[in-house]
Each structure stands twice: as C-alpha cells, then as structure tokens.
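What follows is a short report on a single structure.
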Amino acid sequence: MTVANIPDLTEVMPELIFHALAALAIVSALAAALAPRIVHAAFALMAAFFAVAGLYALLGADFVAFSQVIVYVGGILVLLVFGVLLTARTEASLGLERPVRRLFAVVAGSVLFMLLAFAIHGTTFAAAGAPTEPLATTEAIGRAFLDPEGMLVPFELASVMLLAALVGAAYLARRRRSS
Amino acid sequence: MTLVAALSIQPFLYLSAALFCAGLIAVLSRRNAVAILIGIELMLNAANINLVAFDRFRVQVGDAPVIDGQLFALLVLAIAAAEAAVALALILNVFDTRDRIDVDELDLLKG
C-alpha cells in the first residue's frame, strides 16, 4: 500500500495557526456553555466544531476533520437546533436563571481544569516522539475499517448500533394522540 | 520540518482539558435539556482531540501509517450521532407529555 504525501500548507507558523484555532475553540466553547439563549449557544457550538475540525486538519487527520464537519455541523447541530426550535416555548426553557448554580458550575469547571493542567504539566510523555509524517489518511482508514483482523467488527457493530438508535429515536419521537 | 514539528503534545492536551471543562460547566449549570446536550457534545469533542493528538504524536513503529487514534475518533463520532438522535427523541417525547424540558422539574422517579 502506498500512501501519498499531502501538500503541507502549514509549514509557516503552525504555532500561530494552533493558537488562533485554540482561542476560537475555547471562546466559543465557553460561549456555548454560558450564553443566556440556547440558540446562541447552539451557534457558538458550531464555531467550536469548526475550530476543532481545523485542529484535526492541523494534526494531519484530514478524514476526521471532514467527518467532524459533516457529522457534527451537518447532523448533530441541525438536530440540536431543531430540538431548540421545537421545545423553546417558555421562559423557563432558557435555563440559566440561577446565578448560584452558574457560579458553582464555573468554580467546579475551573477546579477540574486546574487539576487536569497540573496533571498534564507534571507528566512527561515518554512515548510521544516527534510527530509522524502527514499522510493522506483516507485510504488507510478505509482499509483498517474493512480489515477482518483489524477494526471490521467494531465498525460493523457501530453501524448496527447507529441503525438501532435511529429506529429507536424515530419510534420515541412519534407524536402520541392520547393524554 | 513537518506539520506540527514545532508543536508538542501538551498544548493540545491543555486545549482539550479546557473544552471538557466548558462542557462540564454547561452540564452543571443548565436546566434546559437541550443545553445539557450541548455540553455533552463539547465533552465528546474534547475526548476526540485527545485521541487524534495522541495518535499524531505517537512514536511510529515500522512503516505502517499510524491511524489507530483516528479510528477511535471516528467511532466516537458515530456514537455521538446516535446519542444526539436518541436524546433529542427523548426530549421531544418529554416535551410532548409534560410541556417542559426543565430537568429540575422532571422528578417523577424521585423517591
């Protein structure tokens, strides 16, 4: 199997690209967590998804980046917006009326982040070497997913699970006449 | 000089931790079930960043392309799609029967 090198467009200033994408991801994630209106949170989530897709591309995972855009932005986010539009009828559905709870949540999140940062800072990743050459990953991913010795069984299980979940979702979401 | 040779794995881990904590804040503070789902999606994305980053910075053994972490990330993607579909179906169902999706008021099973 030959794997072609993809043209590397980010040799100049990979750090700048990383910092820009990271800033966009963190700001929009916090906006998604704290925006007073759910629709605004959903659109902030879209920005976060795009930033994460850019980070995947920066890491050389081109197929995962495109899947991220297609599945998350094209699928899950549209589902979320439909959920917001179909259920946001009352003021109570906005969800952030209690400042005490928001304060508690922000404190808990900050404490967890400090713990994680402390753990990351104190760990040397001995097995993490120089990054491998960027490759065109699509062919390798396709072969790995259809390899009986590799990921074929998890792949098929995931597809069956997805089918079952979608059938179940369609069954659950149908409108009942009674009550 | 390759793509991310100038970077190390730590910035990606910090970023992933920050995204996870933003998701945790959303899950803990929101009362609307759809907003809680937004937080869960953020946490899943954080985990996926870790998977892809560790995949990329792994020491390569032999000539085979290193893509295990990306395969895991794609499976997580499929599970996230299934989870969002089922969760929204549940939310719509609850809204249909009880006319609200405030998780504080859904205490039917509370002892």
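Here are the numbers for the structure shown:
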item	result
Test for A:ALA53: is it more than 9 Å from every other protein chain (Cβ to nearest Cβ) and buried (at least 19 other Cβ atoms within 10 Å of the Cβ)	yes
Options B:ASP99, B:ASP63, B:ASP55: the member that is at pLDDT below 90, within 30 Å of A:GLY142 (Cα to Cα), among the charged types (D, E, K, R) and surrounded by fewer than 17 Cβ atoms within 10 Å (Cβ to Cβ)	B:ASP63
Residues being in contact (Cβ under 8 Å) with a residue 12 or more places away in the chain and at the interface with another protein chain (Cβ under 7 Å from one of its Cβ atoms) - total across region B:91-111	3
Unique residue being free of Cβ contacts under 8 Å to residues at least 40 places away in the same chain, at the interface with chain A (Cβ under 8 Å from one of its Cβ atoms) and outside any helix (DSSP H, G or I) when the list is B:VAL86, B:VAL52, B:VAL66	B:VAL66
Test for A:PHE82: is it part of a helix (DSSP H, G or I) and either at pLDDT 90 or above or of a type in the set (Val, Ile, Thr) (or both)	no
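The values are calculated or read from the model by the stated rules, or taken from the named source; none is laboratory data. Predicted model only: the values in this text are computed from it and were never measured. Note: ideal-geometry Cβ built from the backbone for every residue, glycine included; neighbour counts use all protein chains shown.
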